[in-house]
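Right, one structure below, let's go through it.
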Amino acid sequence: MHKGATFALATAVGVVGAVAYSKTSKTPFSVIGPLSLTRMTLQSSELLNHNTKKLRFALPDSNTRTGLSLTSALLSVSLPPGNGLRTPVLRPYTPTNDPNEPGYVEFMIKLYPGGKQSTLMHSLKPGDTLSFMRIPSLGWKPNQYEHVALIAGGAGITPMYQLLHGILSNPDDKTRITLVWGVNTDEDLFLKEEFAALEKSHPQRFKTHYVVSNPEQGSRFKKGYVTKELLEQAGLKADNNGAVKVLVCGPPPMEKALTARGSGILAQLGYSASQIHQY
């Protein structure tokens, strides 16, 4: 789960029944605060591949911006159908649109078999509403690091997309970016065209490396998983001055293999715990 969500989860359980469906303020998320709920209306739903949708929600005020910083996420809050006392369903999602664009928030949501919230999100139709609350972010500062390594598995690509798009769209931020994205099938690389365009426009600063566990016949992508060897081939062995920050987001087994203290892949590559951040 996104770091910072645990406290928000506990608080939301106590307040969701009273305020989740009340009229919301028109103030941006950053001003509302992390423990206030904002109800948004779905504007559009677009299928990106076999299990991922792009959902655009309207902010309560079409003239305001979210006020969210890079690496911020929102916690979706819903109440399952039924009578009597119900346990709210809470899941964190990372907005993928430019936070400076007014009036809306976009998410790329993967449908998981049996997933309560992802199933709900995929079932929403334009006009339906859902409540969200802000989660504290990493707090990205331009040029804080010379190089940032983004290691994603599956749907864990969304916070990476948000961050790299924000870095590359800021002319004052010179941070270099290496993206490693591991997926199950070729079709799961649903952002490859966007990344190819960014790589072409920033050839000295942005590099991508993809790996597919079950590639289709004749696939042009490397078969396998995110391994020590793959990260070495991507040039992600730690340097001596600690100038690289590593951000990790993916399935729990992948994150554990990468970040286990002392024995994980990143530790084997020479990274200290302070250089690694898990979403």
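The values are calculated or read from the model by the stated rules, or taken from the named source; none is laboratory data. What you see is a predicted model, and the numbers here were worked out from it, not measured in a lab. All Cβ positions, glycine included, derive from the backbone under ideal geometry; neighbour counts span all protein chains shown. All accessible areas refer to the heavy atoms of the entire protein, side chains included, with ligands and DNA or RNA removed. Shrake-Rupley method; radii C 1.70, N 1.55, O 1.52, S 1.80 Å.
Some notes on this structure:
- Taking the square roots of 5 times each eigenvalue of the Cα gyration tensor of region 34-126, largest first, gives ellipsoid semi-axes of 22, 17, 12 Å.
- Gyration tensor (alpha-carbon) shape descriptor, region 141-266, a/c threshold 1.5: oblate
- Accessible carbon and sulfur surface of region 183-279 relative to its total accessible area, %, 1.4 Å: 49
- Among the listed pairs LYS53/LYS237; LYS125/LYS200; LYS110/LYS256; LYS110/LYS228; LYS54/LYS222, those with a Cα-Cα distance over 32 Å are LYS53/LYS237; LYS125/LYS200.
- Each Cα pair under 8 Å and six or more residues apart adds its sequence gap; the mean of these over the residue count of the chain is a relative contact order of 17 percent.
- Net charge, TYR271 excluded, C-beta distance under 12 Å - Lys, Arg +1, Asp, Glu -1: +3
- Ordering 122-129, 66-73 by mean Cβ neighbour count within 10 Å, with the highest value first, yields 66-73, 122-129.
- Within the chain, percent of DSSP bridges classed antiparallel, to nearest 5: 50
- Packing-based ranking, highest mean first, of 255-266, 152-163 given that Cβ atoms within 10 Å are counted: 152-163, 255-266
- Listed candidates (1) 55, 37, 34; (2) 64, 46, 33; (3) 53, 42, 38 - label of the one calculated as Cα extents along the principal axes in Å: (3)
- Entry comment: accessible area of the chain is 48 Å² per residue, from protein heavy atoms only and a probe of 1.4 Å.
- Principal-axis tilt of helix 5-19 within the chain, Cα atoms, nearest 10 degrees: 20
- Relative to the longest principal axis of the Cα atoms of the chain, helix 157-168 runs at roughly 70 degrees.
- Folded to 0 to 90 degrees: helix 192-201 orientation relative to the chain principal axis, Cα: 60
- For LYS207, net neighbour charge (Lys/Arg +1, Asp/Glu -1) across residues whose Cβ lies under 13 Å away: +2
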